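Input: a single structure, listed below in structure tokens.
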Amino acid sequence: MNLIFSSVDVFKVISVDNQADYINIYVQSRQRICLCLNCCEPSTKLHSYYTRKFNDLPTFGKACKIFLRSRKFYCLTDECPLKIFTERYEDHFKPCRRTTKRLEEKLLDTVLELGGKPGERICRHFSITVSDTTLLRLVNRAPLPEPGNFTAIGVDDWAYKKRERYGSILVDLTTRRVVDLLPDREEKSLIIWLRKQPKLEVITRDRYGKYRRAATKGAPQAIQVTDRWHLLKNLGEALTKMMTREYTRLTRSLAPKIEESPVEIPDELPVREKEVATTGIIR
Ligand SMILES: [Zn+2]
């Protein structure tokens with residue numbers, strides 16, 4: 001029993017089916033009473049049983065499934081609208097899931113490290129059958145880390161859809177992890193986010209005006225730094241501009257000068273036309 005659940009857990013193993021390439025473990029609750037999910041009053045009046053099946057972590061290198069004999073109870077409180085409720089075991093089995101909580105945690109760690117397809121291949125080596133789409137669904141479902149007490153943050157834009165819709169991405173520069181995504185690049189959104197970070201000391205950003213104003217208003221105590229990528233990009237652009245200008249100037253100064261030959265004025269022209277042809281002035 002303690003190999004499967006700890007001694008403080010409320011399950012008992014009814015039987016184990018140990019086959020060549022898989023193990024099925026049949027468990028049920030040890031509790032006699034159950035609290036109503038709505039009014040939290042205890043109930044002992046059993047309504048029915050039903051079986052739930054979960055994929056669990058492999059055991060001794062074999063694929064492992066847990067068959068939980070789940071129970072439904074009547075609520076004994078007259079005023080409670082929930083007449084029948086299902087016993088919950090949130091520590092191990094979440095509602096509407098087909099994997100145990102501990103397996104789901106390991107799968108999430110795997111997909112975050114490796115990604116969908118490689119994660120699927122590695123899991124196969126450990127006798128866990130899971131598809132890459134299921135792994136990626138775990139990532140989408142995982143909660144984002146709570147905005148904590150960050151001291152150094154980088155902000156930049158990112159594309160929901162390139163050239164159409166952009167948001168703001170916030171990265172913790174200490175752990176180098178993305179900590180939040182804002183739905184737009186507006187000054188107001190960033191100010192609200194920054195005001196929840198009283199310990200912020202450094203903000204790195206590009207030269208976008210709304211980010212500059214948001215950083216000044218939202219975290220006036222923080223030093224604003226142009227991030228390295230944008231600094232080098234701007235330097236590169238400035239150098240290219242300067243080199244182009246200087247190259248044009250040098251090319252012009254080194255080009256051979258073309259001497260203009262004087263215009264020959266025929267002697268037979270009248271004096272007035274001769275003067276116009278020589279000076280270009282019409283009196
Ligand atoms: Zn109730």
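Listed values, structure above:
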{"read-out": "Added length on full extension, which subtracts the Cα-Cα distance from 0.36 nm per residue, Lys72 to Cys96", "value": "7.1 nm"}
{"read-out": "Overall Cα dimensions of region 1-97, principal axis frame, Å, largest first", "value": "52, 24, 19"}
{"read-out": "Computed [θ] at 222 nm, helices only, for the chain once each DSSP H run of length n ≥ 4 contributes -39500 (n - 2.57)", "value": "-10000 deg cm²/dmol"}
{"read-out": "Signed unit charges on C-beta, dipole axis of the chain, positive-most listed residue Thr134, Ile169, His92", "value": "His92"}
{"read-out": "Simple Cβ-charge dipole of region 152-228, Lys/Arg +1 and Asp/Glu -1, about Cα centre, in debye nearest 20", "value": "120 debye"}
{"read-out": "Translational diffusion of the chain, µm² s⁻¹ [Kirkwood Rh, Cα pairs; Stokes-Einstein; 10 °C; 1.306 mPa s]", "value": "60 µm²/s"}
{"read-out": "Length gained when the stretch Cys39-Phe126 is fully extended (0.36 nm per residue, less Cα-Cα span)", "value": "27.0 nm"}
{"read-out": "Gain upon complete extension [Gln19, Thr174; 0.36 nm per residue less C-alpha separation]", "value": "51.0 nm"}
{"read-out": "Label-point separation, Leu108 to Tyr208 (7 Å along Cα→Cβ), nm", "value": "2.9 nm"}
{"read-out": "Overall dimensions of region 99-142 by Cα: Rg and Dmax, Å", "value": "9.0, 25"}
{"read-out": "Stokes-Einstein D in µm²/s, Kirkwood radius over Cα pairs - region 177-258 at 10 °C with 1.306 mPa s viscosity", "value": "102 µm²/s"}
{"read-out": "Cα shape, region 133-222, gyration tensor, a/c 1.5 rule", "value": "oblate"}
{"read-out": "Max mean-square fluctuation residue, GNM over the chain, Cα-Cα springs under 10 Å, options Arg207, Arg249, Arg69", "value": "Arg249"}
{"read-out": "Region 35-173: radius of gyration and largest Cα-Cα distance (Dmax), Å", "value": "21.0, 61"}
{"read-out": "Efficiency of FRET between Trp229 and Ser253 - r from beta-carbon atoms, R0 35 angstrom, step 0.05", "value": "0.45"}
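None of the figures in this text is laboratory data; all of them are computed from the coordinates on show. Everything numeric in this text was worked out from a predicted model, so none of it was measured. All Cβ positions, glycine included, derive from the backbone under ideal geometry; neighbour counts span all protein chains shown.
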